[in-house]
Amino acid sequence: MNTKQFHKLPETFYQKDVFKIAPKLLGKYFVKKEKQQFLIGKIVEVEAYADKIDEASHSFNGVTKRNTLMFDSGGKLYVYFIYGNHFCCNVVCDKEGVGSAVLIRALEPLKGIEIMAERRFQKNEVTAKEFLNLTNGPGKICKAFNISKDENGIDLCGENIFLAEGEKISKKNIMQSPRIGIKKSKELLWRFYLKDNPFVSAK
């Protein structure tokens, strides 16, 4: 398998308003190439973050050393460390200077599952419960896919980590709710997830 077999999302896909992009990410494939091995997960849950009106966003107070990448043009991977415990990966959106991104909250694991399991549970075979728990959270995704600050700023139109066309999702199967685990701007319905998908982090 090589990257030419994927229908990679073009740069123009990312350079739009974050609220248009976030629900459209559902069903897309999150792909990481490691030597000749591909790790692939279907995106089943995301959260949108934007500057100015969103107090929960890293970009709310303007550009800082930590959040500079959020103000770059869309199509980059923004990775940050949280709670002194795990990494989270986000898709930078819109044009340069805006300050918005979409957090990838949950994936349905499709390929490279043994590698993901080894990283998450230190074993190749997992139980049904562990399989559902493999990538159903932002920190779990980064651990399973071995994503850290080294991947911060990576071009999502490149060869190492990219998003590709996956399943077409009907609007009736896209659910919307408040975001999870934040204290500010909790009223904003900026979380999107696939209805009835067992890999979503929380119903």
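Bear in mind these aren't lab numbers, they're just calculated from the coordinates by the rules spelled out. Quick caveat, the model's predicted, so the values are computed rather than measured. FYI the Cβ positions are ideal-geometry reconstructions off the backbone, even for glycines, and counts take in every protein chain you see.
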With respect to the numbered conditions (1) surrounded by fewer than 22 Cβ atoms within 10 Å (Cβ to Cβ); (2) closer than 19 Å to Leu9 by Cβ; (3) among the aromatic types (Phe, Trp, Tyr), which one is the sole condition not fulfilled by Phe145? (1)
Considering segment 22-70 alone, what residues qualify as being of a type outside the set (A, V, I, L, M, F, W, C), out of contact with any Ser or Thr (no Cβ under 9 Å at 6 or more places or on another chain) and in contact (Cβ under 8 Å) with a residue 40 or more places away in the chain? Pro23, Gly27, Lys28, Tyr29, Lys32, Glu34, Gln37, Lys42, Glu47
Look through segment 1-36, keep the residues that are buried (at least 21 other Cβ atoms within 10 Å of the Cβ) and of a type in the set (Val, Ile, Thr), and return whichever of them is farthest from Gly112 (Cα to Cα). Val18
Which ones in segment 148-188 are in contact with an Asp or Glu (Cβ under 6 Å, 6 or more places away or on another chain) and within 23 Å of Gln15 (Cα to Cα)? Cys157, Arg179
Conditions first: (1) surrounded by 15 or more Cβ atoms within 10 Å (Cβ to Cβ); (2) assigned to a loop (DSSP other than H, G, I, E, B). Gly62 passes all but one, so which condition is the exception? (1)
What number goes with the only condition from (1) under 16 Å from Tyr49 (Cβ atoms); (2) part of a helix (DSSP H, G or I) that Tyr78 does not pass? (2)
Within the bounds of segment 37-52, is there any residue that is surrounded by fewer than 21 Cβ atoms within 10 Å (Cβ to Cβ), over 17 Å from the mean Cα position of the chain (by Cα) and closer than 28 Å to Ile174 by Cβ? yes
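Looking at the structure I just gave you, is Glu96 without any contact (Cβ under 8 Å) to a residue 12 or more places away in the chain and surrounded by fewer than 15 Cβ atoms within 10 Å (Cβ to Cβ)? Walk me through how you get there before you give the answer.
Details: without any contact (Cβ under 8 Å) to a residue 12 or more places away in the chain: no; surrounded by fewer than 15 Cβ atoms within 10 Å (Cβ to Cβ): yes.
Considered against the rule, which asks whether it is without any contact (Cβ under 8 Å) to a residue 12 or more places away in the chain and surrounded by fewer than 15 Cβ atoms within 10 Å (Cβ to Cβ), Glu96 comes out as no.
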Take Ile53 and tell me if it is hydrophobic (A, V, I, L, M, F, W, C), out of contact with any Asp or Glu (no Cβ under 9 Å at 6 or more places or on another chain) and within 15 Å of Asn152 (Cβ to Cβ). no
